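Below: the structure, in structure tokens.
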Amino acid sequence: MLQFLITRIMAAIPTLLLVTVLVFLLTRLVPGDPALLMLGDMATESSLADLRHSMGLDQSLPQQFIIWFSQMIHGDFGHSIQTGQPVLPLILQRFGVTLSVVLVAVVIASLLAVPAGMLAAWKQNSSWDVGLVMFSTFLLSVPSFWMGLLILLTLGLWLGWLPVVGYVAVSDNLHQGILYLLMPIMTLVLVEVGALVRMMRASTLEVLRLDYVSHARAKGLRERTVLSRHVFPNAFGPTWTLIGLTLGNLLSGVAVTETVFSLPGLGRLLVDAIYARDYPVIQGCMLFIATLYVLTNLVIDALYPLFNPRVSA
């Protein structure tokens, strides 16, 4: 198992280096001049040239990349063109908002989906199975932004139970902060629970057909014991992998939900930076997201033997 993790870590290093190069090149392909965007249409050529020089935009691409990469190695992601703030502290601040929503949503979705998927498999072809499959298929068919708008319209505008606009940090006001996070969390739970239910159902059905499950039942074990001791540990592995992929995807791609609910998270920061041609923030966000995705998958791989001992063999 240790050799497996070392192999994965060594494979992640060139992946991150390649991502670094691609991030730098892709940001340079974004149309528009950051200097002109900052100074406006009334800027003179001399002022534009001075600003480009101060930002290093008048140098060649290899020189710009070498300077940026050397600074990034030392933890300096540069400063935002818009606000002048250091990029790394800004990313970490926004990431805290994203993490508080995504982590809670994935945990709740997993706690709901795993037993629901096992129940659907155990009651295969029953009304429980048909109902859960239909409901999960419906959730898979609804886009996240549409689900968010429906929840916003229902719970926020029609019923008035939850605040619609704004954001309060949980650290500033616990009660108000939770109220502002409820609808985004609910949206992500409904969006992701459908895929997890279907995966858990498929894995459980496959395990239920194995001989050792029939043998356990033949010994007279209660059905609850068979499901908890023999079926769940072997059926949960693929779902655990999907949970890890879901967590990584949401941490890096929750911009739509953050935009719908006006949350100042990492995805919203990236979208705003793209519109503003804020190169340092775009590069920092994309590199942070790629690193986060790789690390999340490494953690999932490290914990996988808990559910599938054959991996450590």
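Key figures
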quantity	calculated
Residue that is at pLDDT 80 or above, of a type in the set (A, V, I, L, M), within 18 Å of Val19 (Cα to Cα) and surrounded by fewer than 16 Cβ atoms within 10 Å (Cβ to Cβ), where the choices are Leu295, Leu270, Leu287	Leu295
Selection count where residues are out of contact with any helix residue (DSSP H, G or I) (no Cβ under 8 Å at 6 or more places or on another chain), over 16 Å from Asp278 (Cα atoms) and exposed (fewer than 13 other Cβ atoms within 10 Å of the Cβ), scope segment 54-85	7
Those residues of segment 111-128 which are in contact (Cβ under 8 Å) with a residue 12 or more places away in the chain and within 12 Å of Val197 (Cα to Cα), in sequence order	Leu112, Ala113, Val114, Ala116, Gly117, Met118, Leu119, Ala120, Ala121
Residues of segment 220-271 that turn out to be touching a residue at least 40 places away in the same chain (Cβ under 8 Å) and small (Gly, Ala, Ser), as a count	8
Checking Ser171 against (1) outside any helix (DSSP H, G or I); (2) in contact (Cβ under 8 Å) with a residue 60 or more places away in the chain, the condition it does not meet	(2)
Selection within segment 124-145 - among the hydroxyl-bearing types (Ser, Thr, Tyr), under 30 Å from Leu210 (Cα atoms) and assigned to a helix (DSSP H, G or I)	Ser127, Ser136, Thr137
Which listed residue is among the hydrophobic types (A, V, I, L, M, F, W, C), not assigned by TED's automatic domain parsing to the domain that holds Pro280 and not in a loop (DSSP other than H, G, I, E, B), from Ala105, Ala121, Ala49, Ala113	Ala49
Selection within segment 196-231 - buried (at least 19 other Cβ atoms within 10 Å of the Cβ) and closer than 27 Å to Leu251 by Cα	Leu196, Val197, Arg198, Met199, Met200, Arg201, Ser203
Considering residues of segment 30-51 that are at pLDDT 75 or above and closer than 17 Å to Ile81 by Cα only, the residue surrounded by the most Cβ atoms within 10 Å (Cβ to Cβ)	Leu48
Candidates Ser144, Ser203 - the one that is at pLDDT below 85, closer than 29 Å to Pro238 by Cα, of a type in the set (Ser, Thr, Tyr) and touching a helix residue (DSSP H, G or I) at 6+ places or on another chain (Cβ under 7 Å)	Ser144
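The values are calculated or read from the model by the stated rules, or taken from the named source; none is laboratory data. This is a predicted model, so every value here is computed, not measured. We place every Cβ from the backbone using ideal geometry, glycine too, and count neighbours over all the protein chains shown.
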